[in-house]
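Taking it in order: structure first as structure tokens, then the write-up.
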Amino acid sequence: MASQISVPLLFDRSHWGCIRLTGADRVRFLHNQTTNHIEQLSAGQGCHTVFVTSTGRTIDLATVYAFADALLVIVSPGMAQQLYDWMDRYIFFSDKVTLADESEQMVMLTVLGEGCDDVVRSLGAEALIGQPTFTHQAVPLAGTDSSVHIAVGSDLAIAGYTFWAANSVAAQLKQSLLSAGATLADQAQWEQLRIQQGRPMPAHELTDDENPLEAGLWHSISFEKGCYIGQETIARLNTYQGVKKRLWGLALSAPVPENASILQAGSPIGKVTSITQSETGPFALGYIRTKAGGEGLTVDIDGTQGEVTALPFIRHEYHTSPPKE
């Protein structure tokens, strides 16, 4: 996919949520609230992690960046208030944790595709080139008294960088990226890429009906850490290989409606969650029963034929062997 993007594309993601955690107990607190091993992060690192319910159902896939004195949690559009309230209800009187919703105070931009290294180099952050995903640092923003934070990664499986800064310098930051060779893209293009990549989103692939293993978010789950909300359910699904459905791509011969049933030999085996128009034709995401099969499977959706395909952003695997009988 990245090779098809011949110029660095600039996406404004300022409508995504941003929650800052401070206080001496912030790391332990978020570690106990989400699926990944937050306690292993050092300042300048980050990871994906999932907020789940007590029964292991997905709430949101978040990106966490660790600082010396804070954790910055980037959440999906429209999810900041819900997740702020979710975390706030678990902060007890003795916990040294403070939450701050900074969604309205920050601008967040992502540049991805060929040439994105040159964009970062032009801002003086060449040290980030070649570093692991989520590595981040601050650099001065030319022409202002402010700095911009830059992180490796696009939140898709496409090489890129994410930038955030105070909202007061949004125009200067965007102009700096455009002057460095980035081309402004719109939200429809982001939605097309995220569906082709298989990045699940709330209200589509992340709902009360799914768990993060079904969504293929294995990279955002630690099976070595201790207890967290929903841990027992997720660990049991992994240990006993109990994932009953999986998220897949669907290459289609014609458009189909969201929520349409996916059929195999006339019997329903899943449903469509998102659809877009790609360069090669309509493309959708959908959950399919594990027993029905996976990549390469031919299915029928609303009278349209589709082929099940793998997705770059997610994977389907188990982290432990099933128990011996």
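The values are calculated or read from the model by the stated rules, or taken from the named source; none is laboratory data. A quick note: this is a predicted structure, and the numbers were derived from the prediction, not measured. Methodologically, a virtual Cβ is constructed for each residue, glycine included, from the backbone with ideal geometry; neighbour enumeration extends over all protein chains shown. Quick note on the areas: whole protein, heavy atoms, side chains included, nothing else; ligands and nucleic acids left out. Shrake-Rupley method; radii C 1.70, N 1.55, O 1.52, S 1.80 Å.
Tabulated values for the structure
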item: Counted residues, the stretch 172-210 - those being part of a helix (DSSP H, G or I) and open to solvent by 50 Å² or more (accessible area, probe 1.4 Å); result: 9
item: Residue match in the stretch 240-249 (condition: more than 30 Å from N32 (Cβ to Cβ) and open to solvent by 60 Å² or more (accessible area, probe 1.4 Å)); result: no
item: Selected residue (only one of A254, A235 is outside any strand (DSSP E or B), within 22 Å of the chain's Cα centre (by Cα) and either surrounded by fewer than 19 Cβ atoms within 10 Å (Cβ to Cβ) or charged (D, E, K, R) (or both)); result: A235
item: All strands (runs of 3 or more DSSP E) inside the stretch 1-89 with 1 or more residues being out of contact with any helix residue (DSSP H, G or I) (no Cβ under 8 Å at 6 or more places or on another chain), of a type in the set (F, W, Y) and crowded, with 22+ Cβ neighbours inside 10 Å; result: 58-66
item: Scan of the stretch 257-307 for residues that are open to solvent by less than 20 Å² (accessible area, probe 1.4 Å), part of a strand (DSSP E or B) and of a type in the set (A, V, I, L, M), ordered by number; result: I262, I269, V272, A284, L285, I288, V299, I301
item: Which numbered condition T298 fails, given (1) touching a Gly at 6+ places or on another chain (Cβ under 8 Å); (2) under 29 Å from F51 (Cβ atoms); (3) among the hydroxyl-bearing types (S, T, Y); result: (2)
item: Of all residues making up the stretch 124-142, the number that are outside any helix (DSSP H, G or I) and open to solvent by 20 Å² or more (accessible area, probe 1.4 Å); result: 12
item: Boolean, A100 is farther than 30 Å from G216 by Cβ, part of a strand (DSSP E or B) and open to solvent by 30 Å² or more (accessible area, probe 1.4 Å); result: yes
item: Residue in the stretch 211-223 that is surrounded by the most Cβ atoms within 10 Å (Cβ to Cβ), counting only those that are closer than 14 Å to A62 by Cα and in contact with a helix residue (DSSP H, G or I) (Cβ under 8 Å, 6 or more places away or on another chain); result: P212
item: Pairs, first at pLDDT 50 or above in the stretch 314-325, second open to solvent by 60 Å² or more (accessible area, probe 1.4 Å), C-beta under 6 Å, six or more apart; result: Y318/Q241
item: Residue tally, condition open to solvent by less than 10 Å² (accessible area, probe 1.4 Å) and not in a loop (DSSP other than H, G, I, E, B), over the stretch 143-160; result: 4
